[in-house]
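Quick notes on the structure that follows.
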Amino acid sequence: MESKDTLRKKYKALRKSLSESDIKKESERIKGHFFSFLDSKSQTCHIHTFLPIERLNEVDTLCFLDGIWERGHVIYTGLLDSEKKEMKTLRLVKGSKFEAGEYGIPVPKKTEIADWRKIDLVLIPLLAWDQSGNRIGYGKGYYDKFLADLSEGVERIGLSFFPAEENLPSEPHDVKLTHVITGEGLTNIR
């Protein structure tokens with residue numbers, strides 16, 4: 001089995017090879033599958049999403065925001081606190097304007113710290129994933145720590161441009177995904 005560092009390098013290179021057009025097209029396909037899933041979850045109200053780091057060619061979740069608001073959901077995102085090595089939860093308001101924050105992550109210009117305990121669905125960035133729900137991110141641990149604090153019933157959905165690996169290395173502190181959405185569709189892990 002390849003190491004996490006080897007897999008990170010591999011998937012960063014794969015992402016770097018994607019054109020702007022590829023990213024836009026696949027992000028739209030992923031968005032469509034996400035909204036089909038979301039529309040089947042009538043009890044879901046509070047959604048936390050990552051915002052894409054453009055230079056890392058992440059799935060463009062900014063194009064999801066209006067559709068989520070139109071469905072009447074509350075949207076949250078994370079704000080990294082590198083001193084405490086944690087992620088604070090911010091509530092996004094419709095029409096939010098963004099600026100580049102730490103690591104190039106978009107951050108709303110007006111911030112409002114929110115209660116993370118209301119969150120019932122999280123969209124999670126990742127580099128690689130497997131059919132058991134393991135994921136490899138950038139290795140900073142912000143999402144594992146954040147996800148560990150959420151209740152067990154929270155939907156943890158990874159978004160990926162690429163299909164699953166057969167098996168990924170995992171550690172006891174890693175929090176598994178419940179679903180992954182690619183351009184091909186939704187994979188249920190649970």
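The values are calculated or read from the model by the stated rules, or taken from the named source; none is laboratory data. This is a predicted model, so every value here is computed, not measured. Quick reminder, even Gly has a Cβ in these numbers, built from the backbone with ideal geometry, and neighbours come from all protein chains shown. Ligands, DNA and RNA are excluded from the accessible area calculation, which covers all protein heavy atoms including side chains. Shrake-Rupley method; radii C 1.70, N 1.55, O 1.52, S 1.80 Å.
Just one of the listed residues (Arg71, Arg29, Arg91) is under 27 Å from Thr111 (Cα atoms), of a type in the set (D, E, K, R) and surrounded by fewer than 18 Cβ atoms within 10 Å (Cβ to Cβ), namely Arg71. With respect to being in a helix (DSSP H, G or I) and over 16 Å from Lys41 (Cβ atoms), Leu168 falls outside the description.
Of the residues Leu14, Leu18, Leu62, Leu79, which single one is assigned to a strand (DSSP E or B), open to solvent by 30 Å² or more (accessible area, probe 1.4 Å) and touching a residue at least 12 places away in the same chain (Cβ under 8 Å)? Spell out how you get there, then give the answer.
On the way: Leu14 fails: assigned to a strand (DSSP E or B); Leu18 fails: assigned to a strand (DSSP E or B); Leu62 fails: assigned to a strand (DSSP E or B).
Sole residue among the options that is assigned to a strand (DSSP E or B), open to solvent by 30 Å² or more (accessible area, probe 1.4 Å) and touching a residue at least 12 places away in the same chain (Cβ under 8 Å): Leu79.
Exactly one residue among Ser3, Ser27, Ser36 is polar (S, T, N, Q) and free of Cβ contacts under 8 Å to residues at least 40 places away in the same chain, and that residue is Ser27. Within the stretch 94-113, take every residue that is assigned to a strand (DSSP E or B) and out of contact with any Lys or Arg (no Cβ under 9 Å at 6 or more places or on another chain) and give me the one that is surrounded by the fewest Cβ atoms within 10 Å (Cβ to Cβ). Filtering the stretch 94-113 for residues that are assigned to a strand (DSSP E or B) and out of contact with any Lys or Arg (no Cβ under 9 Å at 6 or more places or on another chain), the one surrounded by the fewest Cβ atoms within 10 Å (Cβ to Cβ) comes out as Ala100. Looking only at residues in the stretch 136-149 that are aliphatic (A, V, I, L, M) and buried (at least 18 other Cβ atoms within 10 Å of the Cβ), the one that is nearest to Tyr103 (Cα to Cα) is Ile136. The residues listed here are Leu56, Leu90, Leu65; of these, the one that is under 19 Å from Asp39 (Cβ atoms) and not basic (Lys, Arg) is Leu65.
Taking His48 as the residue in question, decide whether it is within 29 Å of Asp115 (Cβ to Cβ) and either open to solvent by less than 10 Å² (accessible area, probe 1.4 Å) or hydrophobic (A, V, I, L, M, F, W, C) (or both).
Judged against the criteria, His48 is a match.
Look at Glu99 and say whether it is more than 13 Å from the chain's Cα centre (by Cα), at pLDDT 90 or above and more than 23 Å from Cys45 (Cα to Cα). Against the criterion (more than 13 Å from the chain's Cα centre (by Cα), at pLDDT 90 or above and more than 23 Å from Cys45 (Cα to Cα)), Glu99 qualifies. Count of the stretch 150-190 residues, restricted to those that are open to solvent by 50 Å² or more (accessible area, probe 1.4 Å) and either over 24 Å from Lys84 (Cβ atoms) or within 16 Å of the chain's Cα centre (by Cα) (or both), is 11.
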